[in-house]
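What follows is a set of notes on a single structure, which appears directly below.
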Amino acid sequence: ETGVTQSPTHLIKTRGQQVTLRCSSQSGHNTVSWYQQALGQGPQFIFQYYREEENGRGNFPPRFSGLQFPNYSSELNVNALELDDSALYLCASSPGLAGAPRGQFFGPGTRLTVL
Amino acid sequence: DQQVKQNSPSLSVQEGRISILNCDYTNSMFDYFLWYKKYPAEGPTFLISISSIKDKNEDGRFTVFLNKSAKHLSLHIVPSQPGDSAVYFCAAIIQGAQKLVFGQGTRLTINP
């Protein structure tokens, strides 16, 4: 069984640029969630995709957008990058919408640095 | 609005002793509480969870206690082992909702 994978591992961008992060969900999982983890903080929910539709969004501006593909892989796009976007971006998948009792399964993350 | 809080950024415990990690929450609507463990360069991995209708759940060396009246939960690890050194996140979820709500994390260091 393949776990959640993310690419790239690390990324350096400059302010104002755009970035696309990618995630392959665990086999059999049709729900993908994205989280932002700033240094010294816990992960913060960005949004969730279920069967290719956005299914909930956290307190993030519209320049954070996403896609989910028919194979349930997903992309996170961030436009007009700001310095505060520097963080670890985590993708998590789950089999369906319910997140309990085993929670969601996380990938290793993409470390984004904005200069 | 920090709905889940872990007030101890770090904890150091001697190998073989008990580690106790604490977590407080404010939202009484949470149905499940989960603990995740995170090593550097890896994503969080699920450790143990507890339903809001229970007050204790045990899995091997790990036990989670829930005190609903105090809106407090704790994770006990006994005996602590060097491989337990990691950052531990407390998280909560409302059944059917989309998101896990995480605390800030506690870095646990097990000393030989």
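Values quoted throughout were computed directly from the atomic coordinates according to the rules given, and no laboratory measurement underlies them. What you see is a predicted model; the values in this text were computed from it and never measured. Cβ atoms come from the backbone with ideal geometry, glycine included; neighbour counts cover every protein chain shown.
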Using a 10 Å cut-off on Cβ atoms, rank the peptides A:77-89, B:84-96 from the highest mean neighbour count down. B:84-96, A:77-89
Amide proton proximity set for B:Cys23, modelled H, under 5 Å, gap of 5+: B:Leu73
Per Stokes-Einstein, at 37 °C and 0.692 mPa s, what whole-number D in µm² s⁻¹ belongs to chain A, with the Kirkwood radius over Cα pairs as the hydrodynamic radius? 235 µm²/s
For the stretch B:19-36 and the stretch A:42-99, write down the distance between their C-alpha centroids in whole Å. 23 Å
Amide H proximity to A:Asn30 below 5 Å, modelled H, separation 5+ or other chain, gives A:Ser94, A:Gly96
Under Karplus coefficients 6.51, -1.76 and 1.60, residue-wise ³J(HN,Hα) of the stretch A:21-30 in Hz, glycine/proline x: 10, 10, 8, 10, 6, 5, 3, x, 9, 10
The ³J(HN,Hα) series, computed from each phi in the stretch B:41-52 with the Karplus coefficients 6.51, -1.76 and 1.60 at θ = phi - 60°, rounded to the nearest Hz and given as x for glycine or proline, is 6, 10, x, x, 10, 5, 10, 6, 9, 8, 6, 5
Two decimals is fine: what is log10 I(q)/I(0) at q = 0.15, 0.16, 0.21, 0.30 Å⁻¹ for the stretch A:41-99, from a Debye sum with one equal scatterer on every Cα and no solvent? -0.47, -0.53, -0.91, -1.57
Report ³J(HN,Hα) in whole Hz for each residue of the stretch B:85-95, in order, from the Karplus equation J = 6.51 cos²θ - 1.76 cosθ + 1.60 where θ = phi - 60°; Gly and Pro get x. 5, 5, 9, 10, 10, 8, 9, 9, 8, 9, 3
Shape call for the protein assembly as shown, from the Cα gyration tensor axes a ≥ b ≥ c (a/c under 1.5 means rounded, otherwise prolate when a/b beats b/c, else oblate), comes out prolate
Under 14 Å between C-alpha atoms, the lysine pairs in the stretch B:11-85 lying 8 or more places apart or on different chains count 4
Proximal aspartates and glutamates relative to B:Lys5, as straight alpha-carbon distance under 18 Å, when same-chain residues fewer than 8 apart are discounted: B:Asp24, B:Asp31
From the convex hull of the Cα coordinates of chain B, what is the mean projected area in square nanometres? 6.9 nm²
